[in-house]
Structures are given as structure tokens and as C-alpha cells.
Amino acid sequence: MARRLPPLNALRAFESAARHLSFTKAAEELHVTQAAVSHQIKGLEEWLGMPLFRRMNRALILTETGQSYLPPVRDALDTLSHATERLFRMDGSGALTISTMPSFAAKWLVMRLGRFQARHPELEVRLHTTPQLVDFTQQDVDIGIRFGAGNWPGLRCERLMTEDIYPVCSPSLLNGPRPLCCPEDLRHHTLLHDDYFITWGTWGEAAGIEGLDHARGPRFDDSALLLQVAAEGGGVALARGVLVADDVAAGRLVRLFDVHLPGNYAYYVAAPPHYFSRPKVKAFRDWLFEEAAADPASKAAPKPDAGHSRALSAAESATTFSPDA
């Protein structure tokens, strides 16, 4: 059924004049003449078959009809304006909004973003860190980086890199009263737990430790906080290689022993499939794969083309994906 709508320019003239209660101020705002505004409103009143204003000698007053018509007209124009602005933000310039986990942002992404910004100074990078679900249909997010199985329905998911899991601690614990010389020495130290991933029990089995009480020690739902506590000498943490590499390189943390396990999950670039055709999203995605390939701590995946990325039909679910810590 075809919509019965008055001319858009007439609605803009009416909304502006009603807001200012002045044809003159409306004309200034719309960059037209006062006569043009008067003509547009007269035409709208004729189209509706009812008056919207009472023209007084020195005043302009809305009729009862005009007062009831103004709020929905204003709301409709605001909705159209916001939708148009959002479309403009989707092009190859302006803002690029990246969503990721707080831990990945703090320990890997932020220290590299300067290189992307130098390459693309025309883009305003906005980093959105959250442990909550992201809904691309409701939030102004262009691309996400997540850690998991890569099976978020409705999204194209490209594996970026995987990592190893291994123990780390502060250098101060190496030569303390209970030095850490072999895995069995962990019995004398606080174990720090990351609630989401490989457990001390799994690592202890791989290391062949007997009698280790792997359940003791505090638990964290933020991997960056876990590493901070370890760096301050609060215990020994099972670390994710991608997140801990810079701390180890800087000497804030020390990697222990030779036993490491492959991570259960991977880092993925994720977004609705059609987002990847946007120039700014493509530029960031390509740069991410370059950075991952250059990171010695990661097991970077080869950059996928459109035929090798993992994409799930948007019909399966809403375009949301769940984060980690």
C-alpha cells in the first residue's frame, strides 16, 4: 500500500517555523527566502485541508491542529536525519568504531593502533571495550575482535591468530625464599586462575606434577587484571601468549618452564558479512592481519579471502556475538 505523504520540503518548513514561531527565522535556518517558507506552508495546509498557523499582526501561533501535528513531524525528521548521518559514517572516511574485549585492548591492540592511525589519518578511531554482547543492528560498531570458537551466528568470522598457554610470574619470585626452579615448586606459590580458559589442573597434568592442589588461589574474569596481579608478585598465572608477550619482553613478567599448551580458542575478526566491503573496515581488517603476522607471540592465521572466511547466515540469529574477558 502506497504511503500518503506530504512533500518533505513542506514538512521541513513547517517544523522549523513551528519551532521558532517565525517564518523569518525558519527561512534563515533553511537558507531560503521568507516567501519560500510561506509558500511551502501554504501548500502543506492546502494539501492537508486544514490550517496549521494563525497569522497575527506581530505573531505566529500554532492552531490546535498544528500543535498536534508538530511532535510526529519532528520525530520523523529526527529519525530520517539520524539514519542519514549513520549512512555517512559507514563510508570510507570519518569514524571507525572497533569493539573488543578490555583485556585484548589493553594488552595488545592499543599499543599498535598508532601505526594504523599513521597509515590512515583520515579515520577517527573509536575503541569500544566491553565484556557485554554487541549488537551490530543497534550499535554503531564497524568491526569486532573477539576470542572464542568463531561461531557467532549472523557474522562473518575470520580467524586472526591463536596462542599458547604457559605459566608466568614476577621476576621477584624466581629468587625468593621459595625459588621456582621446576614445576613441582608451584606447590609453594599462589596460583592465579583465569576463569575462562585452560585450567591449572590441565596444565599440571601436561607437566606431570603430582599432588598439586590446582584449585587453590584467586580467580579473575579479566585476563589483563590477572597479569597485573602476577606482575606485582601476587602469584603465578597461566598466561595467554598473545596478551602476555609484551610484559615478558619488557621484563615485567617471566615465562616459567618449558611446558606449554595450545589455547582452546582463537582470536577472530567479526562483523556482518556486508560490512567487510566498506573501505574503512577493509583497511583495518587488512592491517590487523599484518600486525598479527608480525607478532612472534601469536600463531597468525593466513589472511583469508572472501571464500575462506567463516560466515554464518544472518537468518540463523541476530548479529550479536559474545565476548570473553
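The values are calculated or read from the model by the stated rules, or taken from the named source; none is laboratory data. The structure displayed is predicted, hence computed values, not measured ones. Every residue, glycine as well, gets a Cβ built from its backbone with ideal geometry; the counts of neighbours run over all protein chains shown. Side chains are part of the model used for accessible areas, which takes the heavy atoms of the whole protein and leaves out ligands, DNA and RNA. Shrake-Rupley method; radii C 1.70, N 1.55, O 1.52, S 1.80 Å.
The GluC sites (Glu not before Pro) found in the range 173-214 that occupy coil by DSSP, while having at most 16 further C-beta atoms within 10 Å, are E210.
Dipole magnitude for the chain: computed about the Cα centre from +1 point charges on Lys and Arg Cβ and -1 point charges on Asp and Glu Cβ, it is near 1280 debye. When only Cα pairs below 8 angstrom with a gap of at least 6 residues are kept, the chain shows a relative contact order of 24 percent.
Evaluated at q = 0.14 Å⁻¹, the base-10 log of the normalised Debye intensity for the range 60-159, with identical point scatterers placed on the Cα atoms, takes the values -0.70. With helices as the sole contributors, the chain gives -10500 deg cm²/dmol at 222 nm; each DSSP H run of n ≥ 4 counts as -39500 (n - 2.57), and the sum is divided by every residue.
The T199 and Q139 beta-carbon pair, evaluated with R₀ = 41 Å, returns a calculated FRET efficiency of approximately 0.80.
Once Rh for the chain is found with the Kirkwood sum over Cα pairs, what is the Stokes-Einstein diffusion coefficient at 37 °C and 0.692 mPa s, in µm²/s? Please list the in-between numbers first.
Numbers: Rh = 24.0 Å.
So the translational diffusion coefficient is about 137 µm²/s.
A Gaussian network model of the chain, with springs between Cα atoms under 10 Å, assigns the largest mean-square fluctuation among L253, L30, L212 to L30.
Of the residues R240, R219, R74, the one that moves most in a GNM of the chain with alpha-carbon contacts below 10 Å is R74. Put simply, the range 208-296 fits an ellipsoid with semi-axes of 33, 15, 13 Å; these come from the alpha carbon gyration tensor as the roots of five times its eigenvalues, largest first. A compact globular protein would have a Cα radius of gyration near 2.2 N^0.38 Å; the ratio found for the range 101-143 is 1.29. When the charge dipole of the range 104-262 is built from unit charges on Cβ atoms (+1 for Lys and Arg, -1 for Asp and Glu) and taken about the Cα centre, the candidate among T130, L180, G251 whose Cα reaches farthest toward its positive end is G251.
Among the DSSP beta bridges whose two residues both lie in the chain, what percent are antiparallel, rounded to the nearest 5? Taking every DSSP beta bridge within the chain, about 65 percent pair in antiparallel fashion. Where a ≥ b ≥ c are the square roots of the eigenvalues of the C-alpha gyration tensor, would you call the range 100-249 rounded, which needs a/c under 1.5, or, failing that, prolate if a/b is larger than b/c, or oblate? Prolate, because a/c is 1.5 or more and a/b exceeds b/c. Take S22: with every protein chain present and a 1.4 Å probe, its accessible area is about 20 Å².
When the chain is treated as a Gaussian network with alpha carbon springs shorter than 10 Å, the biggest mean-square fluctuation among Y267, Y166, Y69 belongs to Y69.
One quarter of the surface of the convex hull around the alpha-carbon atoms of the range 1-96 equals 8.2 nm², the direction-averaged projected area.
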